[in-house]
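What follows is a short report on a single structure.
The values are calculated or read from the model by the stated rules, or taken from the named source; none is laboratory data. Remember, predicted model here, so these are calculated numbers, not experimental data. Cβ placement follows ideal geometry from the backbone for every residue including glycine, while neighbour counts extend to all protein chains displayed. With ligands, DNA and RNA removed, areas are computed over all heavy atoms of the protein, side chains included. Shrake-Rupley method; radii C 1.70, N 1.55, O 1.52, S 1.80 Å.
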Amino acid sequence: MSKNDMLLELIARCEDACRGAFERIEDVALHNQRKVLEAFRKNFVSDRHLKGSTGYGYDDIGRDTLARVYSDVFCTDSAIVSPNITSGTQALTVALFGLLRPNDTLLSVSGKPYDTLHKVISGENIGSLKDYNIQYGEIALLDDDFDYETIAKYISNIVPKVVLVTRSRGYSWRNALSAKSIGKLTEFIKNISKNIIIMVDNCYGEFVESAEPTQAGVDIAVGSLIKNIGGGLAPSGGYIVGKEEYIEQISYRLTAPSIGREVGSYYGGYHYHYQGLFLAPHIVMNALKGSILFGKVFTELGYKTFPPYDSECYDIIRSIKFDTKEELILFCKMIQEISPIDSHVSPEPWDMPGYSEQVIMAAGTFVQGASIELSADAPIKAPYIAYLQGGLTYEHAKLAVEHCARALISYRN
Ligand SMILES: *Cc1c(COP(=O)(O)O)cnc(C)c1O
């Protein structure tokens with residue numbers, strides 16, 4: 001058999017082995033599609049809601065209805081959804097500054113928060129939480145779960161105003177946290193003090209499971225619209241969902257104290273935000289299937305990948321470990337090369353704002369940098385791990401598996 005046939009046969013065998021995992025994901029997608037559809041129907045979404053607004057945006061029904069649809073999807077009282085929030089980092093920043101006051105404490109219980117938040121929390125003289133005298137504590141995970149003993153000890157000493165949980169793995173070799181385990185943590189903390197606000201960085205977690213952390217009792221969940229929940233169509237934005245009293249506080253930070261959600265126009269209209277949300281359960285399913293196939297094929301090729309292809313996924317990311325920096329960079333270059341946009345461009349490691357090491361990012365995407373589209377990124381440091389995510393269609397992921405595997409096989413020979 002030629003090398004070409006052998007690789008195609010390997011991919012076909014891997015695909016067969018993934019069927020069971022695929023079926024579980026299809027069930028989750030059906031459940032989430034029903035949830036989203038019901039939210040649209042309940043709020044009588046119409047053509048007029050898809051249109052934009054100008055100026056202050058008073059009574060922008062597209063914006064207000066979109067927020068209600070999000071609240072219903074997350075089963076919360078309230079939501080902020082805005083195309084004017086520039087990124088997930090900004091959404092998280094607005095939420096933190098909306099809730100915390102000088103001398104309050106923020107406690108992260110899932111180890112280090114996502115890289116871009118490090119300076120938001122403790123940067124010097126840049127308007128960070130630290131600059132406002134907001135204290136910060138951090139407790140690492142213990143065997144991929146919360147370290148309950150240390151958390152209880154910490155809280156008996158200092159009562160935090162906000163507890164932050166990062167659902168996704170970030171740049172670390174661990175699985176993401178399930179909504180169920182976040183629910184258990186929430187119950188544990190609320191039993192100590194029900195006034196502690198539990199906030200989840202929900203980036204990459206939306207629609208991966210049938211329930212969101214907000215359904216498991218957390219107070220606030222925050223994410224980016226150019227990841228899972230934008231369904232590949234939302235051109236920009238962020239969301240913050242949760243309890244009304246907290247969302248109100250956050251809204252005063254988003255625009256201005258006392259003005260809050262009364263203003264905020266968007267001339268471009270909300271068509272893609274609604275349609276992206278409607279498609280998101282299906283798109284997330286495609287991304288997960290692609291991620292699982294990558295996991296299985298690269299395991300067969302002798303690489304370590306995480307999580308195991310047949311285990312439950314709690315975010316859309318696939319970690320793949322390479323022996324050398326060269327292989328890692330080659331992998332990212334091949335993801336770019338097999339993309340619909342900018343396939344002729346070659347990504348290079350660079351000093352991205354907000355990250356401490358050089359990072360290489362492959363994102364040949366319709367929406368610039370959207371990581372619900374097939375993309376890969378990696379900090380350039382040992383161990384050499386690529387974080388692969390997204391994929392609007394499973395077929396694209398399958399072609400990409402073949403393209404990347406072929407390049408790495410020929411590099412090794
Ligand atoms: C992407 C991400 C962020 C930040 O979102 P940006 O849109 O890149 O600013 C925060 N937390 C997690 C877990 C993420 O994956």
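Residue check: LEU50 meets all listed conditions (1) among the aliphatic types (A, V, I, L, M); (2) more than 16 Å from the ligand (Cβ to nearest atom); (3) farther than 17 Å from HIS273 by Cβ but one, namely (3). Checking each residue in the stretch 191-213 for being within 16 Å of the ligand (Cβ to nearest atom) and of a type in the set (S, T, N, Q) picks out only ASN202.
Answer yes or no: is there a residue in the stretch 213-221 that is open to solvent by 50 Å² or more (accessible area, probe 1.4 Å) and not in a loop (DSSP other than H, G, I, E, B). Looking through the stretch 213-221, at least one residue is open to solvent by 50 Å² or more (accessible area, probe 1.4 Å) and not in a loop (DSSP other than H, G, I, E, B). Summed over the stretch 372-386, residues that are within 11 Å of the ligand (Cβ to nearest atom) and either at pLDDT below 95 or open to solvent by 10 Å² or more (accessible area, probe 1.4 Å) (or both) total 1.
Going by the structure shown, is PRO353 more than 23 Å from LEU288 (Cα to Cα) and part of a loop (DSSP other than H, G, I, E, B)?
So PRO353 passes the test.
Here SER343 qualifies as more than 21 Å from GLY170 (Cβ to Cβ) and open to solvent by 30 Å² or more (accessible area, probe 1.4 Å).
With a cut-off of at least 2 residues that are open to solvent by less than 20 Å² (accessible area, probe 1.4 Å) and either more than 12 Å from the ligand (Cβ to nearest atom) or within 27 Å of SER236 (Cα to Cα) (or both), name the strands (runs of 3 or more DSSP E) lying wholly within the stretch 86-172. Don't jump to the end; show me each part of the working.
Values: elements: 105-108, 135-138, 162-166.
Of the strands (runs of 3 or more DSSP E) lying wholly inside the stretch 86-172, those with at least 2 residues that are open to solvent by less than 20 Å² (accessible area, probe 1.4 Å) and either more than 12 Å from the ligand (Cβ to nearest atom) or within 27 Å of SER236 (Cα to Cα) (or both) span 105-108, 162-166.
Checking the structure you have, find out if any residue of the stretch 69-80 is within 16 Å of the ligand (Cβ to nearest atom) and touching a helix residue (DSSP H, G or I) at 6+ places or on another chain (Cβ under 8 Å).
So in the stretch 69-80, the residues within 16 Å of the ligand (Cβ to nearest atom) come out as 80.
Adding the requirement that they be touching a helix residue (DSSP H, G or I) at 6+ places or on another chain (Cβ under 8 Å) leaves 80.
Within the stretch 69-80 (the criterion being within 16 Å of the ligand (Cβ to nearest atom) and touching a helix residue (DSSP H, G or I) at 6+ places or on another chain (Cβ under 8 Å)), the answer is yes, since at least one residue qualifies.
Can you tell me how many residues in the stretch 227-276 are open to solvent by less than 30 Å² (accessible area, probe 1.4 Å), closer than 28 Å to THR365 by Cα and assigned to a helix (DSSP H, G or I)? Summing the residues that are open to solvent by less than 30 Å² (accessible area, probe 1.4 Å), closer than 28 Å to THR365 by Cα and assigned to a helix (DSSP H, G or I) in the stretch 227-276 gives 6.
Being closer than 25 Å to VAL284 by Cα, of a type outside the set (Lys, Arg) and surrounded by fewer than 13 Cβ atoms within 10 Å (Cβ to Cβ) narrows it down to one of ASP72, ASP27, so name that one.
Details: ASP72 fails: surrounded by fewer than 13 Cβ atoms within 10 Å (Cβ to Cβ).
When all the criteria are applied, what remains is ASP27.
Condition (residue is within 28 Å of PRO235 (Cβ to Cβ), part of a helix (DSSP H, G or I) and open to solvent by 10 Å² or more (accessible area, probe 1.4 Å)) applied to the stretch 295-317: is it met by at least one residue? Write out each step before concluding.
Step one: list which residues in the stretch 295-317 are within 28 Å of PRO235 (Cβ to Cβ), which gives 313-317.
Now narrow it down to the ones that are part of a helix (DSSP H, G or I): none.
Looking for residues that are within 28 Å of PRO235 (Cβ to Cβ), part of a helix (DSSP H, G or I) and open to solvent by 10 Å² or more (accessible area, probe 1.4 Å), one finds none in the stretch 295-317, hence no.
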